[in-house]
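K.L.:
Pasting a structure here, questions to come.
The values are calculated or read from the model by the stated rules, or taken from the named source; none is laboratory data. Everything quoted here is computed from the prediction, not taken from an experiment. Using ideal geometry, Cβ is built from the backbone for each residue, glycine included, and neighbour counts are taken over all protein chains shown. SASA here: full protein model, heavy atoms, side chains in, ligands and nucleic acids out. Shrake-Rupley method; radii C 1.70, N 1.55, O 1.52, S 1.80 Å.
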Amino acid sequence: MSKLFSFSGSDNFFPGGSIYPNPKESSLFFSLGHHVDVYFPHHKRSRISPPIVFSGERVEKKNPSIEILPDECLFEIFRWLPGGQERSSCACVSKRWLTLVSNIHRDEINDNNKGGVVSKVEDQDVEGDGYLSRVLEGKKATDVRLAAIAVGTASRGGLGKLSIRGSNSTCGVTNVGLRAISRGCPSLRVLSLWDSSSVGDEGLFEIADGCHQLEKLDLCLCPAITDKSLLAVAKGCPNLKDLTIEGCANIENEGLQALARCCPNLKAISIKDCPLIGDQGIASMLSSASFTLTKIKLQALNITDVSLAVIGHYGKAVTDLSLISLPNVSEKGFWVMGNGHGLQKLKSFAVTSCRGVTDLGLEVVGKGCPNLKQLCLHKCAFLSDKGLVSFAKTASSLESLQLEECHRITQFGFFGSLLNCGAKLKAISLVNCYGIKDLNLGLPSVLPCKSLRSLSIRNCPGFGDASLAALGKLCPQLQHVELSGLHGISDAGFLPLLETREADLVKVNLSGCVNLSDKAVCIMADLHGWTLEMLNLEGCKISDASLVAIAKNCQLLSDLDVSKCAITDSGIAALARSNQIKLQILSMSGCSKVSDKSMPSLRKLGQTLLGLNLQQCKAISSSTVDLLVEQLWRCDILF
């Protein structure tokens, strides 16, 4: 044994020979077998490490593992893999490998396979088209999942849309996850970050550096993101077309100015609840993108009349404009915007909770926007009948008018707008307007408004039979009628509306009209049943007689709602007996008189049904519902 440890490498060893003069010493090692020859080069020390025994104990030789390699070596191996699927397979081994693979930039992948291994599947990891979409919400929004998405989508067409909503409270999305996306998804075109408090400027830096095809960016409730992020995006993503910023308290005017300078294709902006953004940022963006910006939405900002003046002057390409909760904008702002003569292409204009909308302001906007087709006014407390009628006289291209919670608007303003609007008005809507009172106006002899096709009046308690009868004479071409929550409507007002029709009704919603009875429904089914496609009678005072009339006359009806009505099993049976009706949606929620006896009828109706609402039908047992669920496998059943 002493000779073994004193061996200096100068002695010669030969295959098959013994290295021990004393045969007893060889028993200290395990035998290598009779057929094993060991070659030791001349003047070289052997580096064999066979299992040995010290003090009678055997030390096992450990199997070699690739995990002992440092990250740098593994990274080099991964970037030499021949295809994206091979890298995806490696990423499935462990989080360590996933992290390494996801940090490989496209430029670092070695695609030179000369003399190397060729992937069994043709490599699709060259340049993806970016047609894949991924959404991460709540607990699923983590850096690990983002890394997996970056690796997995690379060889399957490329990631085009990514939406991150919320974040895991313990291991949520951070800048690390966005770095993986930036390196593995250069085809990303749409990125949405909602309520991502752990994502800061560094994450957006990575996106700007690696995702140059980005076209849409949506930042909502991201307090750690500042102007630096927008500066980077402006430089790295010149193709940006759509920008949404909401609740980002640290974004200021400088970021918007950079985007205006560097993104010539910007078409839509939506900015909400950003206290540090003011007139300077809005003005610079509008003036720089004067010929490309088509959609603007400004909400809860500290801007003044200056911004509206800039919109009125530079908004040459704007087609959609929405102004919501702008407390510092006055009547002067709307007046200047209308007189700016820049909104010649404006088609849709929506205003909510802006005290600057007055009679004068709205009239000037009507004159300055000759192509305006849709106007939506919500919570405009200072607008009266005079302003609405004056606007109607000037807005000759108006097609749709919506008024909600405008309590100074009365019957005179409503009917005055109908009489003075141009021949293009197709739809009008009144919602929660408490200034409407049921007055017998005695309308003058004027030409009817034959262009109007859709009428919607909801939750206006003063609207009654007199107003409805007048509407019937004034608007004979109505096809879509919604009279919801109007307790003042009865058969006496609804029947004249039916009888003066020159066009047949297609969609009718009478939900909450508690004073309408079977008489009105039966006459409607008789006169207009052959064109009726949707009928909502929720809460009306009807019985089985209405269902019998519907089953007999309404051949095209596909959507029927009789919730909270006094119908019984007989009414459901009448519907089922009809060979003409092909219902797709049937809602009978709260019909306490419908019982298990309707099972055969519902089963027959279920041949065409796609949706069935049986909620609060207390006379229908759970076993009947189970049978319906089993047999009507195509139908979604609510119970």
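K.L.:
Once label points are set 7 Å from the Cα along Cα→Cβ at both Lys437 and Thr244, what is their separation, rounded to one decimal in nm?
P.N.:
Inter-label distance under the simple model: 4.3 nm.
K.L.:
With a 1.4 Å probe and all protein chains left in place, how much of the accessible area of the stretch 528-638 comes from carbon and sulfur atoms, in whole percent? Present the calculation step by step, with values, prior to reporting the outcome.
P.N.:
Numbers: 2610 of 5180 Å².
It is 50 percent, rounded to a whole number.
K.L.:
Same structure, new question: Pop out the ³J(HN,Hα) list for the stretch 574-581 in order, Karplus 6.51 cos²θ - 1.76 cosθ + 1.60 with θ = phi - 60°, rounded to Hz; leave Gly and Pro as x.
P.N.:
Per-residue couplings from phi come out as 5, 5, 5, 6, 6, 8, 9, 6 Hz.
K.L.:
Using a 1.4 angstrom probe, figure out how much accessible area the stretch 528-638 has per residue, in square angstrom, rounded to the nearest whole. Can you show the working numbers first?
P.N.:
On the way: 5180 Å² over 111 residues.
Value returned for the stretch 528-638: 47 Å² of accessible area per residue.
K.L.:
Considering all projection directions equally, how large on average is the shadow of the alpha-carbon convex hull of the stretch 309-453, in square nanometres? The partial results should precede the final answer.
P.N.:
Numbers: hull surface 31.5 nm².
Taking a quarter of the hull surface, the average projection is 7.9 nm².
K.L.:
For labels at Arg261 and Ser397 in the simple 7 Å Cα→Cβ model, what's the distance in nm?
P.N.:
3.5
K.L.:
Place a point 7 Å from the Cα of Cys376 along the Cα-to-Cβ direction; which residues of the stretch 231-268 have their backbone N under 19 Å from it?
P.N.:
Zone members listed by number: 243-246, 268.
K.L.:
Order the peptides 612-621, 329-338 from the highest to the lowest mean number of other Cβ atoms within 10 Å of their residues. Intermediate values should be presented prior to the final figure.
P.N.:
Details: 612-621: 17.3, 329-338: 22.2.
In decreasing order of mean packing, 612-621, 329-338 become 329-338, 612-621.
K.L.:
Right, next: Using the basic label-point model (7 angstrom from Cα toward the beta carbon), what is the Lys295 to Lys519 distance in nanometres?
P.N.:
4.9
K.L.:
To the nearest 0.05, how large is the calculated FRET efficiency for Lys235 and Arg355 if R₀ is 45 Å and r is the Cβ-Cβ distance?
P.N.:
Working: r = 39 Å, r/R0 = 0.88.
Computed FRET efficiency for Lys235 and Arg355 comes out at 0.70.
K.L.:
Please compute the alpha carbon radius of gyration of the stretch 528-638, then divide it by the globular-protein estimate 2.2 N^0.38 Å. Two decimals is fine. Numbers along the way, then the final one.
P.N.:
Details: Rg = 12.5 Å, N = 111, 2.2 N^0.38 = 13.2 Å.
That ratio works out to 0.95.
K.L.:
Grab the Cα-Cα distance for Asp636 and Ser287, subtract it from 0.36 nm times how many residues apart they are, and report the gain in nm with one decimal. Before the final figure, lay out the partial values.
P.N.:
Working: separation 349, 0.36 × 349 = 125.64 nm, distance 5.17 nm.
That works out to 120.5 nm of additional length.
K.L.:
Accessible area of Thr352, 1.4 Å probe, to the nearest 10 Å²?
P.N.:
Surface accessible to solvent at Thr352 totals approximately 30 Å².
K.L.:
Also: Relative to the present Cα-Cα distance, how much length would full extension add between Arg96 and Arg603 at 0.36 nm per residue of separation? Write out the running numbers ahead of the final one.
P.N.:
Working: separation 507, 0.36 × 507 = 182.52 nm, distance 5.59 nm.
Between Arg96 and Arg603, full extension yields 176.9 nm more.
K.L.:
Applying 1/(1 + (r/R0)^6) with R0 = 41 Å to the Cβ-Cβ distance of Lys332 and Ser197, what FRET efficiency is obtained, to the nearest 0.05? Let's see the in-between values first.
P.N.:
Details: r = 39 Å, r/R0 = 0.95.
FRET efficiency, Lys332 to Ser197: 0.55.
K.L.:
Residue by residue through the stretch 170-178, which ³J(HN,Hα) values in whole Hz follow from phi under the Karplus form 6.51 cos²θ - 1.76 cosθ + 1.60 (θ = phi - 60°), with glycine and proline marked x?
P.N.:
So the Karplus estimates, Gly and Pro as x, are 9, 9, x, 6, 10, 4, 5, x, 5 Hz.
K.L.:
Please compute the length gained on full extension between Asn579 and Asn302, using 0.36 nm multiplied by the number of residues separating them and subtracting their Cα-Cα distance. If you can, show how the numbers build up before the last one.
P.N.:
Numbers: separation 277, 0.36 × 277 = 99.72 nm, distance 6.22 nm.
Fully extending the segment from Asn579 to Asn302 adds 93.5 nm.
K.L.:
Show the residues, 5+ positions off or on another chain, whose built amide H is closer than 5 Å to the amide H of Asn509.
P.N.:
Hits under the 5 Å cutoff: Val481, Glu482, Leu483, Asn536.
K.L.:
Same structure, new question: Mind checking which lysines have their Cα closer than 17 Å to the Cα of Lys582? Skip sequence neighbours fewer than 8 apart in that chain.
P.N.:
Within the straight-line cut-off, Lys582 pairs with Lys507, Lys552, Lys604.
K.L.:
A follow-up question, please. Return the FRET efficiency for the residue pair Gln555, Lys161: r is the Cβ-Cβ distance, R0 is 41 Å, and the value is rounded to the nearest 0.05. Display every interim value, and only then the final one.
P.N.:
Numbers: r = 43 Å, r/R0 = 1.04.
That gives a FRET efficiency of 0.45.
K.L.:
Take the cross-link list Lys379/Lys450; Lys272/Lys393; Lys564/Lys593; Lys161/Lys345 and give me the ones stretching past 22 Å between alpha-carbons.
P.N.:
Working: Lys379/Lys450 29 Å; Lys272/Lys393 33 Å; Lys564/Lys593 10 Å; Lys161/Lys345 31 Å.
Listed pairs above 22 Å: Lys379/Lys450; Lys272/Lys393; Lys161/Lys345.
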